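Reviewing the structure listed below.
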Amino acid sequence: MKNIKKQLIIILIIAAMTLSFVSCSGTDKTETFEFTLAHFFPGTHPAETVFVQGWINKIDEATGGRVKITSYSGGTLVGANETYNQVVEGVADIGLSCFSYTRGQFPVLEAFELPGIIYENSKVASMVAWEGIKELNPAEVQDTKLLMVIATGPGDLFTTTPVRNLGDLQGLEIRATGLSAKTIEALGGIPVGMPQSDAYEALSKGIVKGNLSPVEVLKGWKHGEVTDYITRTPFLYNTLFFVTMNLDKWNSMPKELQDIITETTETFHQEVGIGLWDMQNEAGMDYAINEQGMEVIDLTEEEAAIWIEKVQGIQDEYSNNMTSLGLDDALDTVKALADKYNGIY
């Protein structure tokens, strides 16, 4: 009897030690985590079907099913303008949206959307943004776990009346957000702020006469149905999209899973994310010309130079503001990285 009791005591001690070790070491390979992801793109948009679902599947595969992410598209969980702050608050665990939708909240990151800087394509713009943000590490994005940033690259003017020169733009209501609003204002247009999801109705009803955006919106958001002209302005536009996570939810996972997600996301960013808008822009242009019969307008070199001179003041104002904050290296970082990646892509 004494031997049996002794054996039971030993078994209990071993069991307790095992449980204690698992609890302290955080190596429970069976624990699973479920997260929500909110964004404003419609469910049929490549941002959902290719980007979000592609990333979710890669995370599921890489973690052996231990991390499950459910996407809520079309603004069904949170609105486009609220996404970042709602991730901070924990309403959504992960969010995808534009920094420019909350103008003034991300002053350092505005450097990546300034007019007058040429990005050859979305690969260049995305690499400049992600590498630059990691290098600058701005305080304004420290309240979430920033997972990746991609960019549209160059954008154009899509209008219901032709814009062949600066005079045609004067007094024209143009949908524009973030720094794009300042850009349109500097050129003599009237900026009207709204998320992309509201622009179709605004264009169809004549509330705005145009949109400053990447070409993909002509197909992805069907704006080719309600505009007639494309004025090529690759020096005016670039928009950054973030994928970011609530800090508490990120910290709820063991480091092992955090490392897997980080590595998997970096690979996905390179293989899919940076070229997402190039793929869409090509399809958008084909749709606009061949299916909607839109006219493409190319500015002369002389005319483009006039436009660029008009928006130079926005860069100057930004530099002065950053200098006053002790952050005057942001624009220099962007320009140097743009030169670097325009030469690669």
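Nothing in this text is a laboratory measurement; each read-out follows from the coordinates by a stated rule. Predicted, not measured: the structure shown is a model, and the values here were computed from it. All Cβ positions, glycine included, derive from the backbone under ideal geometry; neighbour counts span all protein chains shown.
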Computed over the chain: longest principal axis from alpha-carbon atoms vs helix 301-324 long axis, angle to nearest 10 degrees, is 50
Counting Lys and Arg as +1 and Asp and Glu as -1 over every other residue whose Cβ sits under 12 Å from the Cβ of GLY210, the net charge comes to -2
For the chain, the longest principal axis of the Cα atoms and the Cα long axis of helix 53-62 enclose an angle in degrees, to the nearest 10, of 30
Reduced to Cα centres, the span from the stretch 59-86 to the stretch 253-310 in Å works out to 21
To the nearest 10 degrees, the tilt of helix 255-271 (Cα long axis) against the first principal axis of the alpha carbons of the chain is 30
The long-range amide H neighbours of MET148, using H built 1.01 Å from N in the peptide plane and a cut-off of under 5 Å, are VAL243
In Å, the Kirkwood hydrodynamic radius from C-alpha pairs for the chain sits at 21.7
Among beta bridges assigned by DSSP with both residues in the chain, the antiparallel ones amount in percent, to the nearest 5, to 50
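Place the peptides 279-289, 197-207 in order of packing, highest mean first, counting for every residue the other Cβ atoms within 10 Å and averaging per peptide. Numbers along the way, then the final one.
Values: 279-289: 19.0, 197-207: 15.8.
Peptide ranking by packing, descending: 279-289, 197-207.
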Quick calc, the chain, dipole around Cα centre from Cβ unit charges on Lys, Arg (+) and Asp, Glu (-), nearest 20 debye, gives 1700
The stretch 233-252 and the stretch 183-207 have their Cα centres apart by a whole-number Å value of 23
